[in-house]
1. Straight-line reach only, C-alpha to C-alpha below 16 angstrom: list the aspartates and glutamates that residue 243 could link to, leaving out same-chain residues fewer than 8 apart.
2. Only helical DSSP H runs with n ≥ 4 go in: add -39500 (n - 2.57) per run for the chain, normalise by residue count and round the 222 nm mean residue ellipticity to 500 deg cm²/dmol.
3. Rank the residues 4, 155, 54 as a footprinting-exposure proxy: fewest other Cβ atoms within 10 Å of their Cβ go first.
4. With springs only between Cα atoms under 10 Å, which of 356, 170, 265 fluctuates most in a Gaussian network model of the chain?
5. Of 141, 95, 129, which is farthest on the positive side of the dipole of the chain, counting Cα position, with +1 on Lys and Arg Cβ, -1 on Asp and Glu Cβ, and the Cα centre as origin?
6. According to the square roots a ≥ b ≥ c of the eigenvalues of the Cα gyration tensor, what is the shape class of segment 255-331, taking rounded for a/c under 1.5, prolate for a/b larger than b/c otherwise, and oblate for the remainder?
7. Across segment 123-128, in residue order, what do the Karplus-derived ³J(HN,Hα) couplings come to in whole Hz, using 6.51 cos²θ - 1.76 cosθ + 1.60 with θ = phi - 60° and x for Gly and Pro?
8. Take the cross-link list 64/328; 18/122; 36/191; 102/293 and give me the ones stretching past 23 Å between alpha-carbons.
Amino acid sequence: MNIHEYQAKEVLKSYGVKIQEGIVASSAEEAVAAAKKLNAETGTSWYVLKAQIHAGGRGKGTIKETGSRGVVLAKSLDQVPEIAKNILGGTLVTIQTGEEGKKVKKILVAQDVYYPGESDPKEYYLSILLDRATGSNVIMASVEGGMDIEEVAEHSPEKIIKEWIDPQIGIQGYQARKVAFKLGLEGNAFKEMVKFILSLYKAYENTDASQVEINPVLKTSDNQILAVDAKVNLDDNALYRNKNLAAMRDLDEEDPLEVEAGESGLNYVKLDGNVGCMVNGAGLAMATMDMIKLSGGEPANFLDVGGGANAQTVEAGFRIILKDPKVKAILINVFGGIVRCDRIASGVVEAYKSIGDIRVPIIVRLQGTNAEAGAKIIDESGLKVTSAITLKEAAEKVQQVLQNV
């Protein structure tokens with residue numbers, strides 16, 4: 001589960017991570033009030049207004065309606081209302097949102113931390129995530145802060161620092177010091193970075209995060225270390241023991257069909273293709289999507305109804321798939337192991353009759369326990385549903401359907 005920057009910073013701050021202070025706002029009036037409060041608390045007279053959406057590249061992104069960037073610096077309080085109005089309610093398009101963009105409902109009004117002082121501010125990159133290849137957590141850091149880490153990895157891989165942490169032991173002080181040293185820090189900045197890393201790792205562990213990314217981490221002109229941006233991805237499977245974090249979920253930032261599927265106990269991911277998939281089992285779902293592509297189509301979704309599929313889950317899956325206007329055909333691919341194929345076939349027929357007026361062709365491939373009985377139920381239903389037994393047969397029928405669409 002993703003959370004917004006302002007939420008991520010609140011979480012990190014609670015674990016001792018120093019952040020760029022800010023206040024979230026939903027209107028221009030609230031933005032002005034936030035700026036005044038920041039001025040009173042931090043002394044800042046410049047303000048950074050940041051669009052709050054679940055996507056990166058906001059600073060380079062553009063608001064469709066106004067042409068404003070997603071992150072804008074206000075050099076006076078008087079500029080705050082106009083900038084806020086240009087961002088709020090608009091559709092922000094970034095490299096991660098695609099052309100459709102995302103609507104901005106909140107902005108973060110943050111203090112300016114790039115102030116003059118003893119030395120020039122310096123940006124770094126820092127993240128913590130699970131390295132599945134080693135079964136360890138890994139700290140990734142770079143002196144190339146503010147840039148996409150993928151770009152750094154491609155052009156300057158030697159600038160990426162990696163420190164693996166044994167999850168059974170946890171991070172050790174010397175490891176935090178090693179990272180700070182490799183970043184070229186010294187003096188108070190070195191000490192502050194060590195504290196920053198240790199606090200960040202504590203937050204990563206205690207929140208059951210799958211990834212924490214700070215880009216950039218800023219060394220201010222007076223050698224403070226701050227999180228200027230924050231991206232935290234939480235493990236959905238652990239939210240039951242982090243109820244306060246689960247409450248941060250923003251359904252407006254998620255695909256409505258994926259939300260609806262989750263409420264029905266289905267694993268659904270929307271894609272851009274023309275063939276809807278309904279499968280029992282993640283591995284079979286992946287194989288089914290490959291089969292669709294080999295047949296000349298493109299999968300419209302990943303949909304796993306689970307091993308205990310019944311008429312209710314099949315109907316819920318149908319309704320979700322049919323809400324996608326791009327779907328030109330539906331392929332149901334079921335292996336009858338835990339659940340019998342004849343039961344799935346009956347569920348398909350019941351769901352078809354319940355929904356009614358289904359105008360896209362449906363192919364049902366049944367294999368496993370009672371597969372022949374299931375195919376018979378489909379064939380004798382009188383509905384516009386075609387049965388198949390083998391993968392090859394299902395692939396051929398998908399191809400035929402697409403050619404006739």
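1. The reachable aspartates and glutamates, counting only those whose Cα sits under 16 Å from residue 243, are 10, 205, 208, 235.
2. Details: 13 runs with 145 residues, N = 405.
Taken over the chain, the calculation gives -11000 deg cm²/dmol.
3. Details: 4 22, 155 10, 54 18.
In order of increasing Cβ crowding within 10 Å: 155, 54, 4.
4. Maximum fluctuation in the GNM of the chain, among the listed residues, is at 356.
5. Positive-end residue among those listed: 129.
6. Details: a/c = 1.84, a/b = 1.29, b/c = 1.43.
It comes out oblate by the Cα gyration axes.
7. Each residue of segment 123-128 in turn: 9, 10, 10, 8, 8, 10 Hz.
8. On the way: 64/328 31 Å; 18/122 16 Å; 36/191 32 Å; 102/293 29 Å.
Violating the 23 Å limit, Cα to Cα: 64/328; 36/191; 102/293.
Since every read-out is calculated from the coordinates, none of them should be taken as a lab result. Note that this is a predicted model, so its numbers are computed, not measured. Glycine also receives a Cβ, built like all others from the backbone with ideal geometry; neighbour counts cover every protein chain displayed.
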